Amino acid sequence: MDNKGTEKVEVNGPPVDEKYNTNGNPEKYLQDNTSHYDDDKRSEEIKTFGGDTALANAPWKYKIIALVTALMFPFGSHFSASAISAMKSRLITRNMSITNTQYGVVSAAVSIINTIFPIAGGMFIDIFGSVWGTLAINFMIILGALLTAIAAKIESYPMLVVARVIFGIGSGLIVTMQESLLSKWFRTKHLSIAIGLQLSISRLSSFLGTLVANAVADAAGDWVWAFWLSFILCGFSIAMNLIYALVVRHLQGQVVLTSQEKIALKKKKTFKWRSVFKFPLIFWHIILIEFIYAAVWSSFQTIATDLIKKHFGTADKLAGYKASASQSIPIVATPVLGFIMDFYGLRVVILLLSSVFLLLSSGFLGWTYIEPTVGMIFYSISLAFGPISMITSIGMLLPSEYIGTGLGIYKSSNNIGTAILDVAVGVIQDNTAGQSYVQVMLVFIILAGIGFVLICALWFNQFYFYGNLLEVRRTKRVARMEEINGKELEFTSRGLDPYTETPVRKLSFPIVGFFVAALISAWVLFFVYSIHTGE
């Protein structure tokens, strides 16, 4: 549990020298150093001085460009991930004749590589920015998509695993970079709306992948065409990414930096490992919830079509249509939830509702024969309500200079849990009579129940130690976030770490130790079952 006195200092921001006191105005400090510029150039410098922390103060024309183009970054990767999940029965019983455990390894191949890379990607963004980094990562995605299609064409299981590892490197990093970028631009205002739109577009692409994969395979008379379509859409994402990179590069080229700014930015291009141990403990509380829930959400998506096919006796194409309902609600609901959170807060309450619907979904799909679309919609509601609550909370709790790292850890925990559970699900199903999903759904319910208890504890944590920051309405939240951002800007504008005066939290050491142990466990499971199933 957090120390009350320490955390209240964290919320109010680090203390600053009187000389740099802005009284809540993060731009005021510039006035003493810009007297030799005209008004227009002074206005531009306000937006760049202070590194990523200053992005929250950027003009809206910049923000709109960043939002519209960044939303398309992972469109192809999400479609590809859902398409291969929808094709599970073809992979196992028809074309490649692999076992459920082998399929679990294929699925885990995407997750396992992203137990590490998202953290590195988040650090990269925090240190260097993301203009060309996102483009390089999208090329990894399209390479993985190409190799997946080739592996399917020649029916090579080892090549398919390699292809999904390469694809996974890109798919995990691009989402971390995208969320980090949006969190930096919209930290003080409208963050929930930006993340809501991001999740909506992501779920739309996943929905389309689940919906059309089997239909495209049937229409083309060749199951590989589902993977070729994924490859084409990954190319579209690269095109959008290139537009973003060129536009942002052009805008950055118009900004004039003082020698003082250049020195400060050079100082910034280092990463201080000790600062991870200064992250607020509530951040690690959210990471634990994400570790559990993301594993269930992601593993559920990989089996959704096959679950409907086996448990309800539905044909492949119809099962794909019904399973696509699991992606439907976030497309519409996440932007709406973004507006609700932006105006009314209620992040933890919405996360708690996500937990309830996940419990209901697992129960309906595992032990009843009620129309499966109902259970899929309940799952979809859970998927809509959960991630947006956690991602926007992290964007509020960490300094802008560490949002990339924090979201990298968030994504890494997602993939650690998913890699472990993907393999576990395959093993459990292979050892269940008739390869049914009854025992798998029981595991999902147990994990969802543990998460429910943790979310209740999170509400108490943020209420008692953070003055209800995650639940308060817009007026109070914006005032507090602008104050926090302004005080962090006092440090970053001088090339200092925003955690300069924050002590290391001793409890962070065992927490990070547990994180590393889970990471090692995921890799061990992956390699053990990769070797075992490959024999």
Q | Whether region 333-446 is rounded, prolate or oblate, judged on the alpha carbon gyration tensor where a/c under 1.5 counts as rounded | A | oblate
Q) Taking R0 as 25 Å, what's the FRET efficiency between V528 and W367 from their Cβ-Cβ distance, rounded to 0.05? A) 0.20
**Q.** Potential lengthening between S97 and F339 on full extension [0.36 nm per residue; Cα-Cα distance subtracted]
**A.** 82.5 nm
Q: Compute the distance in nm between two label points, each set 7 Å from the Cα along the Cα-to-Cβ direction, one at V68 and one at A517.
A: 5.0 nm
(Q) Would region 363-422 count as rounded, prolate or oblate if I go by the C-alpha gyration tensor, calling it rounded below 1.5 in a/c and otherwise prolate when a/b exceeds b/c, oblate otherwise? (A) oblate
Q.
Rounded, prolate or oblate for region 430-498? Axes are the square roots of the Cα gyration tensor eigenvalues, ordered a ≥ b ≥ c, and the cut-off for rounded is a/c under 1.5.
A. prolate
(Q) Using only the heavy atoms of the protein chains and a 1.4 Å probe, how would E501, E482, E179 rank by accessible area, largest first? (A) E501, E482, E179
**Q.** Estimated dipole of region 451-507 in Debye, rounded to 20 [Cβ of Lys and Arg +1, of Asp and Glu -1, Cα centre]
**A.** 200 debye
**Q.** Mean Cβ count within 10 Å, highest first, over the residues of peptides 344-356, 468-480, 323-335, 510-522
**A.** 323-335, 344-356, 468-480, 510-522
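The values are calculated or read from the model by the stated rules, or taken from the named source; none is laboratory data. Owing to the predicted nature of the structure, the values given are computational and were not obtained by experimental measurement. Note that we place each Cβ from the backbone using ideal geometry, even for glycine, and neighbour counts take in every protein chain shown. Just the protein is used for accessible areas: all its heavy atoms, side chains included, with ligands, DNA and RNA removed. Shrake-Rupley method; radii C 1.70, N 1.55, O 1.52, S 1.80 Å.
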